[in-house]
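Asker: First the structure, then my questions, so here it is.
The values are calculated or read from the model by the stated rules, or taken from the named source; none is laboratory data. Predicted model only: the values in this text are computed from it and were never measured. Positions of Cβ are backbone-derived with ideal geometry, glycine not excepted, and every protein chain shown enters the neighbour counts.
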């Protein structure tokens with residue numbers, strides 16, 4: 001059994017969950033990945049002034065009366081290598097988004113004309129710049145339009161495509177397989193003789209994995225029987241970048257996770273100075289040229305959540321390639337006292353209220369971690385190992401829940 005401080009164990013888990021190498025992928029495959037480099041505009045967008053609507057490109061000085069007729073000089077084409085020079089006293093038919101002829105400074109919408117082909121009649125005067133999108137109106141050259149560390153969604157991929165980027169360098173989304181281990185576990189809604197305990201852990205952990213930015217693959221409850229557990233693990237290795245288990249660590253005769261993991265690869269059982277969630281496991285399984293880290297958490301639901309939040313969340317965020325590893329935190333003032341676990345970092349579910357411009361933290365229930373308290377909490381309050389009693393008026397760190 002290895003004993004570690006929370007800080008040391010967080011480092012160990014982060015080292016185990018090494019960041020996926022960045023890949024150069026087609027832009028169509030980039031959604032969901034984490035950008036590994038800044039996307040910088042190589043040029044103004046648009047590069048030259050373009051028509052903001054279908055119509056006729058003109059020099060505004062030529063259209064200052066309520067009724068004007070001009071010769072149509074040509075049709076602007078997207079295939080033109082560069083804009084033509086505008087002929088004074090004429091109009092050029094132009095589609096929306098096409099470059100204006102050099103010297104034209106306005107577009108007359110088709111609705112204000114007779115749609116003429118050789119000559120066009122225009123109603124109303126024209127102002128310079130009307131219905132024209134200027135060069136750089138969308139993006140200026142040299143602007144960082146998407147920062148490295150951003151998870152790419154449709155909007156970010158869209159702006160990259162608009163800049164002409166066919167490929168992007170991204171950290172692929174890690175695939176995390178979650179197994180709940182225990183003879184007593186059943187899927188919610190299932191029935192069996194003698195009853196059973198509904199598996200909450202794999203559902204809450206799968207949600208947290210997705211919230212952290214990774215893909216979650218939840219496996220149904222797996223019994224403690226060594227052969228069944230080993231078979232379930234081996235079946236999942238083909239799609240796992242990380243294997244996350246919960247339960248089977250207490251040390252009883254039916255808690256078989258350590259022995260099965262040690263037969264499959266390397267694994268150590270760790271007592272972390274964390275309450276709850278201090279009993280954890282860390283190891284790895286090699287499958288060909290793939291090195292799959294294994295993190296094991298307590299079988300108690302609230303303890304599994306705290307273990308994930310404290311140790312796995314920041315490591316998984318880093319593995320995804322995010323710049324921000326930790327959840328947002330803030331300071332709050334304790335409203336009513338509660339008891340913490342001296343000698344360990346303690347997580348307490350709290351409700352946050354506002355008073356005189358500050359945040360007040362109130363422990364839910366008796367301050368112990370239960371699933372219903374976690375469900376109702378606004379935040380987790382973290383107190384250090386030197387704190388055994390949390391007094392009214394103390395200032396404490398809270399992580400936004």
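Asker: Tell me, which residue of the stretch 144-181 that is assigned to a helix (DSSP H, G or I) and buried (at least 19 other Cβ atoms within 10 Å of the Cβ) is nearest to the chain's Cα centre (by Cα)?
Answerer: By that ranking, first place goes to 156.
Asker: Would you mind stating whether residue 28 is surrounded by fewer than 19 Cβ atoms within 10 Å (Cβ to Cβ), in contact with a helix residue (DSSP H, G or I) (Cβ under 9 Å, 6 or more places away or on another chain) and modelled with pLDDT under 95?
Answerer: Against the criterion (surrounded by fewer than 19 Cβ atoms within 10 Å (Cβ to Cβ), in contact with a helix residue (DSSP H, G or I) (Cβ under 9 Å, 6 or more places away or on another chain) and modelled with pLDDT under 95), residue 28 qualifies.
Asker: From the list 93, 11, 84, 4, exactly one residue is free of Cβ contacts under 8 Å to residues at least 40 places away in the same chain and under 30 Å from residue 286 (Cα atoms). Which is it?
Answerer: 11
Asker: Can you tell me which of 192, 210 is in contact with a strand residue (DSSP E or B) (Cβ under 9 Å, 6 or more places away or on another chain), part of a helix (DSSP H, G or I) and surrounded by fewer than 14 Cβ atoms within 10 Å (Cβ to Cβ)?
Answerer: Exactly one of 192, 210 is in contact with a strand residue (DSSP E or B) (Cβ under 9 Å, 6 or more places away or on another chain), part of a helix (DSSP H, G or I) and surrounded by fewer than 14 Cβ atoms within 10 Å (Cβ to Cβ), namely 210.
Asker: Name the single residue that is modelled with the lowest pLDDT among those in the stretch 75-94 being under 52 Å from the mean Cα position of the chain (by Cα) and crowded, with 16+ Cβ neighbours inside 10 Å.
Answerer: The extreme case among them is 83.
Asker: State which residue is nearest to the chain's Cα centre (by Cα) when the search covers only the stretch 33-55 and only residues that are buried (at least 18 other Cβ atoms within 10 Å of the Cβ) and in a strand (DSSP E or B).
Answerer: 34
Asker: Shifting gears a bit: Looking only at the stretch 113-143, which residues are closer than 18 Å to residue 45 by Cβ, touching a helix residue (DSSP H, G or I) at 6+ places or on another chain (Cβ under 8 Å) and not in a loop (DSSP other than H, G, I, E, B)?
Answerer: 139
Asker: To continue, here is another question. Can you work out which of the residues in the stretch 56-71 that are assigned to a strand (DSSP E or B) and free of Cβ contacts under 8 Å to residues at least 60 places away in the same chain is nearest to residue 85 (Cα to Cα)?
Answerer: Per the criteria, the residue is 57.
Asker: Out of 241, 289, I need the residue that is within 29 Å of the chain's Cα centre (by Cα), without any contact (Cβ under 8 Å) to a residue 24 or more places away in the chain and not assigned by TED's automatic domain parsing to the domain that holds residue 345. Which one?
Answerer: Residue meeting the stated conditions: 289.
Asker: Would you point out the residue of the stretch 182-194, among those that are modelled with pLDDT under 90 and more than 17 Å from residue 224 (Cβ to Cβ), that is farthest from the chain's Cα centre (by Cα)?
Answerer: Among those that are modelled with pLDDT under 90 and more than 17 Å from residue 224 (Cβ to Cβ), it is 193.
Asker: Could you list all residues from the stretch 101-138 that are surrounded by 16 or more Cβ atoms within 10 Å (Cβ to Cβ) and at positive phi?
Answerer: Answer for the stretch 101-138, where residues must be surrounded by 16 or more Cβ atoms within 10 Å (Cβ to Cβ) and at positive phi: 131, 136.
Asker: Residue check: is residue 342 at pLDDT 95 or above, surrounded by fewer than 18 Cβ atoms within 10 Å (Cβ to Cβ) and either within 24 Å of residue 182 (Cβ to Cβ) or not assigned by TED's automatic domain parsing to the domain that holds residue 34 (or both)?
Answerer: When the stated conditions are applied, residue 342 does not pass them.
Asker: Condition first: outside the structural domain of residue 260 (by TED's automatic domain parsing), touching a residue at least 40 places away in the same chain (Cβ under 8 Å), in contact with a strand residue (DSSP E or B) (Cβ under 8 Å, 6 or more places away or on another chain) and part of a loop (DSSP other than H, G, I, E, B). Can you find one or more residues in the stretch 346-365 that meet it?
Answerer: no
Asker: Which condition does residue 268 not pass, out of (1) touching a residue at least 60 places away in the same chain (Cβ under 8 Å); (2) in contact with a strand residue (DSSP E or B) (Cβ under 6 Å, 6 or more places away or on another chain); (3) farther than 28 Å from residue 152 by Cα; (4) buried (at least 22 other Cβ atoms within 10 Å of the Cβ), if it passes all the others?
Answerer: So the condition that residue 268 fails would be (4).
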